[in-house]
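The values are calculated or read from the model by the stated rules, or taken from the named source; none is laboratory data. Everything quoted here is computed from the prediction, not taken from an experiment. Backbone-built Cβ (ideal geometry, glycine too); neighbour counts: all protein chains shown. Accessible surface areas use protein heavy atoms only, side chains included; no ligands, DNA or RNA. Shrake-Rupley method; radii C 1.70, N 1.55, O 1.52, S 1.80 Å.
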Amino acid sequence: MSVDSDGTEEPGWDVDPEDEQGVAVVAALGRQLRAWREAAGLRPAEFGAAIKYGEDLVRKVEAGRRIPRPEYLDRADEVLRAGGRISAMKADMEQVRYPKKIRALAKLEGRAVELAAYGNHNIHGLLQTEGYARALFEMAQPPQSREQVERGVAARLARQTIFERSPGPALSFVQEEVTLRRTIGGTMVLRTQLERLLELCQLRHVTIQVMPTICADHAGMGGLIQVLKFGDGTAVGRSEGIFNGRPVSDPKQLQVLELRYGMIRAQALSPRESRSFIEKLLGET
C-alpha cells in the first residue's frame with residue numbers, strides 16, 4: 001500500500017519493479033504527463049490542486065512509480081485540454097495494473113477457442129463472483145494488503161470478459177462437490193456464488209459439471225487440471241499432480257491431461273444433473 005505525505009492512502013496502484021513491461025508503460029505515461037503539465041505552465045502542486053489530487057501523487061505518477069486510476073487521467077485530460085489523448089491511455093493502465101502472471105493468463109484465455117478446467121479446492125476463477133473472489137484473497141497467507149486484495153479481485157473479474165466473446169469459446173468446468181459447499185465468505189456470499197453458477201449454466205457455450213464426493217472412482221486425485229486450446233491447433237495445459245505442475249505444450253503431455261480430464265467428466269454428474277444438484281444446494285444454503 002502507498003500513502004501520501006499526510007499519511008492517507010493514495011489512489012492508484014504500486015508498480016511492480018519486477019514487471020518490466022509494466023514499469024516501461026508507466027514510465028512512458030509519466031513522461032508524457034509531465035510534458036503536458038509543463039507545456040501548460042503548471043507546477044506539480046498547481047496541477048495536483050486542479051485535478052484534486054496531492055502533489056506527492058503527481059510526482060510519483062510522473063516518475064513512473066505509481067499507476068494512476070482512470071479518473072486521474074480523465075481529470076488530467078480535462079485540465080490540460082488534451083482532447084482525449086490522455087484519457088486514451090486508460091486502456092494501457094488498465095492492463096499494467098494487474099500482476100504480470102495474471103496478464104499472461106488472461107492473454108492465453110483471450111486466445112482460447114476451448115477451455116477445460118477441473119477444480120478441487122475452490123470455484124474456478126472465471127466462475128467466481130466478486131464477493132467470493134475477495135473472500136479468497138482476504139484469507140490468503142501471509143495476509144495481503146488492502147491494495148493487493150483489490151488488485152487481485154479486479155484482475156480476476158477482468159478475465160471474465162471471456163464469457164462476452166462472440167463467438168464464444170467452448171468452456172467446460174468440473175467442480176468438486178466440496179467447492180460448492182464450503183462457505184467461503186459466509187452463507188450469503190456462497191448463495192450469490194451458486195446463483196452465478198446457475199446463470200452461467202444457461203450459456204450455450206458453457207458446461208458446468210459437479211464431481212460428487214460419493215464417487216469412488218476419481219481420475220482427478222492428482223489435483224487441478226486446466227487445458228487451453230487455440231485456433232491454430234496448438235494448446236497449453238497444466239496439472240498440479242504431473243509434469244511438476246508446470247505448463248506444458250508437448251502433444252504427448254497434453255494427451256495425458258486430456259485423458260484425465262475426459263475421465264473426470266465421465267465420472268462427474270452430467271450437466272443436467274449438475275444443474276439440479278446446484279439448485280438443490282442453493283435451496284439448502
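Could we say that residue 46 is at pLDDT 95 or above and open to solvent by 50 Å² or more (accessible area, probe 1.4 Å) here? Yes; evaluated as a whole, the condition is true for this residue. Which residues, counting only those in the range 123-170, are part of a loop (DSSP other than H, G, I, E, B), under 29 Å from residue 231 (Cα atoms) and either modelled with pLDDT of 95 or more or open to solvent by 40 Å² or more (accessible area, probe 1.4 Å) (or both)? Of everything in the range 123-170, those that are part of a loop (DSSP other than H, G, I, E, B), under 29 Å from residue 231 (Cα atoms) and either modelled with pLDDT of 95 or more or open to solvent by 40 Å² or more (accessible area, probe 1.4 Å) (or both) turn out to be 123, 124, 128, 129, 165, 166, 167, 169.
The residues of the range 58-68 that are farther than 18 Å from residue 96 by Cα and either β-branched (Val, Ile, Thr) or touching a strand residue (DSSP E or B) at 6+ places or on another chain (Cβ under 8 Å) (or both) amount to a single one, 58. Going by what's in this entry, would residue 37 be described as open to solvent by less than 60 Å² (accessible area, probe 1.4 Å), basic (Lys, Arg) and in contact with a helix residue (DSSP H, G or I) (Cβ under 7 Å, 6 or more places away or on another chain)? When the stated conditions are applied, residue 37 passes them. State whether the residues of the range 224-239 include one that is on the phi < 0 side of the Ramachandran plot, buried (at least 20 other Cβ atoms within 10 Å of the Cβ), out of contact with any Asp or Glu (no Cβ under 8 Å at 6 or more places or on another chain) and aromatic (Phe, Trp, Tyr). For the range 224-239, residues on the phi < 0 side of the Ramachandran plot, buried (at least 20 other Cβ atoms within 10 Å of the Cβ), out of contact with any Asp or Glu (no Cβ under 8 Å at 6 or more places or on another chain) and aromatic (Phe, Trp, Tyr): absent. Could you list, in sequence order, the residues of the range 254-282 that are more than 21 Å from residue 213 (Cβ to Cβ), over 26 Å from the mean Cα position of the chain (by Cα) and surrounded by 14 or more Cβ atoms within 10 Å (Cβ to Cβ)? Scanning the range 254-282 gives a single hit, 256. Within the range 102-122, if we keep just the residues that are assigned to a helix (DSSP H, G or I) and over 30 Å from residue 76 (Cα atoms), the residue that is least open to solvent (accessible area, probe 1.4 Å) turns out to be 109. Only residues that are acidic (Asp, Glu) and under 19 Å from residue 85 (Cβ atoms) were counted in the range 15-43, giving 1.
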